[in-house]
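**Student:** First, the structure itself, so that you have it in front of you.
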Amino acid sequence: MLRLLAEQARTARDRLPADVHDYYATGSGEEVTLGEAEAGWLRHRYRPRVLRDVSHVDTAVRLLDAPLAAPVLVAPTAFHGGLHPDGEVATARGTGAAGSLLVLSSRSSRRIEDVAAAATGPWWFQVYVLADPSLSRHLARRAVAAGAGALVLTVDTPYTGTKARGGGPPVTDREYLVNLGEHLAAGTDPDTATSQDPACTLDTLHDLTDQGVPVFAKGVLRGDDAVDCLSAGAAGIIVSNHGGRQLDRAVDTAYALPDVVAAVAGRAPVLVDGGIRSGRDVLTALALGADAVLLGRPILWALAADGATGVTAALDAVRTDLAEALALAGATSPTDLPDGLLADTAPPRP
Ligand code: FNR
């Protein structure tokens, strides 16, 4: 893990009440998947090329239409208001200043329109399929109207996985309903209407493709599911196990990525998240065929440690580390990696 990310994580742990920290840190079940996330990337080894003139390394990429300083995005995570008084508004500012892209969670502590106003760069909106499906559509429509460049449908959460630690979201009722409340019909029980819809299917994904922006499917761990999502209209795939918060003992994403990349076969962008903590982790993901990665908890700890400035610093540090890793591997850009960069044999799985 990059030193700055470790320092920010320590500061966040020291500053936050223990149960609040645990809400963000925890995994589900016995936290097996959470525990293996970082190790998945550490298993791979490089075969660097030498004497390639790496005096100019440029980490910038375009993802769909979005220009990015590096192929590193901010993953959608719930309730930033528990980490910083400005919540997602601070995250959006910090992300924009780093030339990155925020995927705003459906469970945002701040109004979608306020986060949009604070964003200085591209941002996307994550959609949960809620028990009242009209709520999900209201949110998606509002986000697109406010400028979201894509929707990200989270497909791994038919039910919310039971967490190992922490006492549930550290938010008030007002925060919980800041975006949803106005769309609830009078007399509806908010908890019931905003719970996850376990009956969602590929049709649910297809239905979301009429909003005028590309739709990513987030939470895919298999090539066959990726192909089904593309057939249903998805414009891209995000390989994810939800940061080890859904099905515990699900495979790590470094393991799942090659199967999805092979199945998608270049037809759509493939992104990945989970346990990415350095530029070398990003390089490994790119070498395995990802177009970009997303950071979850490192951004939460950065926000708690130092607000928008902390978020910018974390993203800048990963970008700088990626530039160094690219140069030392013999590459000048994320899209120009040497063939055969990864060794065939990696240390055995733990
Ligand atoms: C998440 N994640 C998540 N995903 C999503 O699609 N919608 C959400 O609202 C949330 N909320 C959320 C809260 C918290 C506290 C965490 C830690 C995670 C999952 C997230 O997008 C991402 O998949 C993982 O966090 C990536 O793993 P790392 O980087 O945290 O290891």
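The values are calculated or read from the model by the stated rules, or taken from the named source; none is laboratory data. Since the model is a prediction, treat every value here as computed from it, not as a measurement. Cβ coordinates were reconstructed from backbone atoms using ideal geometry, including for glycine residues, and neighbour counts include every protein chain displayed.
**Student:** Tell me which residues, restricted to segment 154-203, are among the charged types (D, E, K, R) and part of a loop (DSSP other than H, G, I, E, B). Don't jump to the end; show me each part of the working.
**Tutor:** Here is the first cut: in segment 154-203, the ones among the charged types (D, E, K, R) are 156, 163, 165, 173-175, 182, 189, 191, 197, 203.
Selection gives Asp156, Arg165, Asp189, Asp197.
**Student:** While we're on this one: Any chance segment 26-33 includes a residue that's in a helix (DSSP H, G or I) and within 16 Å of the ligand (Cβ to nearest atom)? Show your work before the answer.
**Tutor:** Let us first name the residues in segment 26-33 that are in a helix (DSSP H, G or I), namely 32-33.
If we keep only those that are within 16 Å of the ligand (Cβ to nearest atom) too, we end up with 32-33.
Within segment 26-33, one or more residues are in a helix (DSSP H, G or I) and within 16 Å of the ligand (Cβ to nearest atom).
**Student:** What residue, of Val270, Val264, is of a type in the set (A, V, I, L, M, F, W, C), more than 14 Å from Pro76 (Cβ to Cβ) and more than 16 Å from the ligand (Cβ to nearest atom)? Walk me through how you get there before you give the answer.
**Tutor:** On the way: Val270 fails: more than 16 Å from the ligand (Cβ to nearest atom).
Among Val270, Val264, only Val264 is of a type in the set (A, V, I, L, M, F, W, C), more than 14 Å from Pro76 (Cβ to Cβ) and more than 16 Å from the ligand (Cβ to nearest atom).
**Student:** Also, quick follow-up: Take Val264 and decide whether it is of a type in the set (Val, Ile, Thr) and buried (at least 24 other Cβ atoms within 10 Å of the Cβ). It would help to see each step written out before you state the result.
**Tutor:** On the way: of a type in the set (Val, Ile, Thr): yes; buried (at least 24 other Cβ atoms within 10 Å of the Cβ): no.
So Val264 fails the test.
**Student:** For residues in segment 220-242 being surrounded by fewer than 23 Cβ atoms within 10 Å (Cβ to Cβ) and small (Gly, Ala, Ser), which is farthest from the ligand (Cβ to nearest atom)?
**Tutor:** Going through the qualifying residues, I end up with Ser231.
**Student:** Looking at segment 309-322, which of its residues are buried (at least 20 other Cβ atoms within 10 Å of the Cβ) and more than 10 Å from Ala98 (Cβ to Cβ)?
**Tutor:** If the condition is that a residue be buried (at least 20 other Cβ atoms within 10 Å of the Cβ) and more than 10 Å from Ala98 (Cβ to Cβ), then Gly310, Asp321, Leu322 are the ones that fit.
**Student:** Do we find a residue being within 15 Å of the ligand (Cβ to nearest atom) and surrounded by fewer than 17 Cβ atoms within 10 Å (Cβ to Cβ) anywhere in segment 44-54? Talk me through it step by step, then tell me what you get.
**Tutor:** Just the residues of segment 44-54 that are within 15 Å of the ligand (Cβ to nearest atom), to begin with: none.
No: zero hits.
**Student:** Only one of these is polar (S, T, N, Q), under 24 Å from Arg222 (Cα atoms) and surrounded by fewer than 22 Cβ atoms within 10 Å (Cβ to Cβ): Thr332, Thr345. Name it. Give the derivation first.
**Tutor:** Details: Thr332 fails: under 24 Å from Arg222 (Cα atoms).
Exactly one residue qualifies, and that residue is Thr345.
**Student:** Give Ala39, Ala146 a once-over and let me know the one that is within 16 Å of the ligand (Cβ to nearest atom), surrounded by fewer than 20 Cβ atoms within 10 Å (Cβ to Cβ) and either farther than 19 Å from Ala313 by Cα or in contact (Cβ under 8 Å) with a residue 60 or more places away in the chain (or both).
**Tutor:** On the way: Ala146 fails: within 16 Å of the ligand (Cβ to nearest atom).
Only one candidate qualifies: Ala39.
**Student:** Okay, moving on. With crowded, with 21+ Cβ neighbours inside 10 Å, within 16 Å of the ligand (Cβ to nearest atom) and of a type in the set (Asp, Glu) as the only criterion, which of Asp248, Asp252 stands out?
**Tutor:** Criteria check complete, one pass: Asp252.
**Student:** For the condition within 19 Å of Gln126 (Cα to Cα) and among the acidic types (Asp, Glu), what is the one hit in Asp248, Asp259, Asp281, Asp273? Steps first, please.
**Tutor:** Details: Asp248 fails: within 19 Å of Gln126 (Cα to Cα); Asp259 fails: within 19 Å of Gln126 (Cα to Cα); Asp281 fails: within 19 Å of Gln126 (Cα to Cα).
Criteria check complete, one pass: Asp273.
**Student:** Hey, could you check segment 165-203 for residues that are touching a helix residue (DSSP H, G or I) at 6+ places or on another chain (Cβ under 7 Å) and farther than 20 Å from Gly81 by Cα and say which is modelled with the lowest pLDDT?
**Tutor:** Within segment 165-203, the match that is modelled with the lowest pLDDT is Ala193.
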